[in-house]
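A.B. asks: This is the structure, below, for whatever I ask next.
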Amino acid sequence: MPTDSAAPSGGRPATAFSFNRSARVALAADLGVTHARLAVADLGGAILAERATDLDISRGPEPTLTWVLDSFDDLLAECGHTRGDVCGVGIGLPGPVEHETGKAVNPPIMPNWDGFPVPDWLGSRLGVPVLVDNDVNIMALGEQWATQLETEHLIFVKMGTGIGCGIISGGRLHRGAEGAAGDIGHIRVPNINQVQCRCGNIDCLEAIAGGDALAAQLRSFGINASHGRDVVRLVKEGNTQAIHLVRQSGREVGSVLASIVNFFNPGLVVIGGDLAEAGDHLLAGVREVIYARSLPLATKRLSIHASELGDRAGVMGAAAMVIEHVLALESADQPGSA
Ligand SMILES: [Zn+2]
């Protein structure tokens, strides 16, 4: 039985997705720095109720999770369920998470969450398992779910204020020894002159190609832009400087990904996050460099496309993380019944 119930992610069990639908539901929350998306899903993965809203995660864990709990109650009522139907909760956080304990570890953009026991806090109130992972990992899981396991080797790249990737290898999420796998945002970009990154280093990928970096460059041209979503809006309006910057951002990310493609040989690279809304201009830059610089064998069947789920990838993945966990526990409890 290969199931590791403490780290229940990755390949979907082949069992029972169609005939495990019942009254039971999973709660899912994708918590970002400034916005959140919450959902109630059935055990087949169908979303029964959903809410997207602004959120200031820097308020700290207790006010945020109290709000999450209240919102879950509202969503349960909306789809005719109660807390008694809930079999698990999946939470995505915008920072490094020690998955086994569900604690954020030195999260740079939410320092007051450091070490806070999210599973204990929510689990004691709901009486069900609570699984926590970083936002990029759950987005990768969501996308894997959406692609119906067409590929077992997938890289999900989130391009927002920061840049990171979730890695699915052999159908399972690869978190690394400390949960830090996929943190490509702080790989150094060569031939750039001393751009300061928030991590303390210079010339990191996200300091060059992330949403805030692009907005800052546009401001230096006298164009009003405060974050990545403004950059995307300008691209959609046809602003040529924004289009140029987004395409160059795609090339910078593609340059890092070209090495990763050679090393890891994924079947699919998915580009998601706010900047992915810029669409083909971004993808063109990514593809241009990956196909030029990766080995022909590694790109022979490689697909590179934008996230199918868009800003719902995280919440879908949080639900998938719980559903896989619950189904794995059940199949372990009932040998031979699956
Ligand atoms: Zn950095």
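A.B. asks: Mean-square fluctuation check for the chain, GNM, Cα pairs under 10 Å: which of 52, 284, 177 is largest?
C.D. replies: Fluctuation is largest for 177.
A.B. asks: Still on this structure, I have one more. Using only the Cα atoms of the range 186-338, what semi-axes does the equivalent ellipsoid have when each is the square root of 5 times a gyration tensor eigenvalue? Give whole Å, largest first.
C.D. replies: On the way: eigenvalues 227, 79, 51 Å².
So the three semi-axes of the range 186-338 are 34, 20, 16 Å.
A.B. asks: Counting only helical runs of four or more DSSP H residues, what would the 222 nm mean residue ellipticity of the chain come to if each run contributes -39,500 (n - 2.57) and the total is spread over all its residues? Can you show the working numbers first?
C.D. replies: On the way: 10 runs with 127 residues, N = 338.
Helix-only estimate at 222 nm: -12000 deg cm²/dmol.
A.B. asks: Report, to the nearest 10°, how far helix 211-220 tilts away from the longest principal axis of the Cα atoms in the chain, using its own Cα long axis and a range of 0 to 90°.
C.D. replies: 30
A.B. asks: Given the range 19-160, what whole percent of its Cα pairs are spread farther than 22 Å?
C.D. replies: Values: 3757 of 10011 pairs.
Tail of P(r) above 22 Å: 38 percent of Cα pairs.
A.B. asks: With viscosity set to 0.692 mPa s at 37 °C, what whole-number translational diffusion coefficient in µm²/s follows for the chain from Stokes-Einstein and a Kirkwood radius over Cα pairs?
C.D. replies: Numbers: Rh = 20.3 Å.
Estimated diffusion coefficient is 162 µm²/s.
A.B. asks: Roughly speaking, what is the stretch gain from residue 77 to residue 125, that is 0.36 nm per residue apart minus the C-alpha to C-alpha distance, in nm to one decimal? List each step's numbers first, then the result.
C.D. replies: Working: separation 48, 0.36 × 48 = 17.28 nm, distance 1.72 nm.
Between residue 77 and residue 125, full extension yields 15.6 nm more.
A.B. asks: Which FRET efficiency value, to the nearest 0.05, do you get for residue 150 and residue 297 by plugging their Cβ-Cβ distance into 1/(1 + (r/R0)^6) with R0 = 22 Å? Show your work: numbers first, answer last.
C.D. replies: On the way: r = 20 Å, r/R0 = 0.89.
Rounded to the nearest 0.05, the efficiency is 0.65.
A.B. asks: On to the next question. For a quick check, take a GNM of the chain with Cα springs below 10 Å and name the residue from 302, 214, 257 with the largest mean-square fluctuation.
C.D. replies: 302
A.B. asks: To continue, here is another question. Mind telling me which of 24, 37, 301 comes out most flexible in a GNM of the chain, alpha-carbon contacts under 10 Å?
C.D. replies: Among 24, 37, 301, the largest mean-square fluctuation in the Gaussian network model of the chain belongs to 301.
A.B. asks: Taking a label point 7 Å from the Cα of residue 56 along the Cα→Cβ vector, which residues of the range 107-143 have an amide N closer than 18 Å to it?
C.D. replies: Answer for this model: 109-113.
A.B. asks: Next question, about the same structure. For a protection proxy built on the mean count of beta-carbon atoms within 10 angstrom, sort 116-128, 234-246 highest first, please.
C.D. replies: Ranked by mean Cβ neighbours within 10 Å, highest first: 234-246, 116-128.
A.B. asks: Heads up, I need the accessible area for residue 287: 1.4 angstrom probe, whole protein in place, Å², nearest 10.
C.D. replies: 80
A.B. asks: Turning to a different aspect of this structure: Please report, as a whole percent, how much of the solvent-accessible surface of the chain comes from carbon and sulfur atoms (probe radius 1.4 Å). Mind showing how you got there, number by number?
C.D. replies: On the way: 7190 of 14470 Å².
About 50 percent, which is the carbon plus sulfur part of the accessible surface.
The values are calculated or read from the model by the stated rules, or taken from the named source; none is laboratory data. As the structure is a computational prediction, the values presented were derived from the model and not from experiment. Because the Cβ atoms are built from the backbone with ideal geometry, glycine has one as well, and the counts that use them run over all protein chains shown. Calculation scope for accessible area: heavy atoms of the full protein, side chains included, ligands and nucleic acids excluded. Shrake-Rupley method; radii C 1.70, N 1.55, O 1.52, S 1.80 Å.
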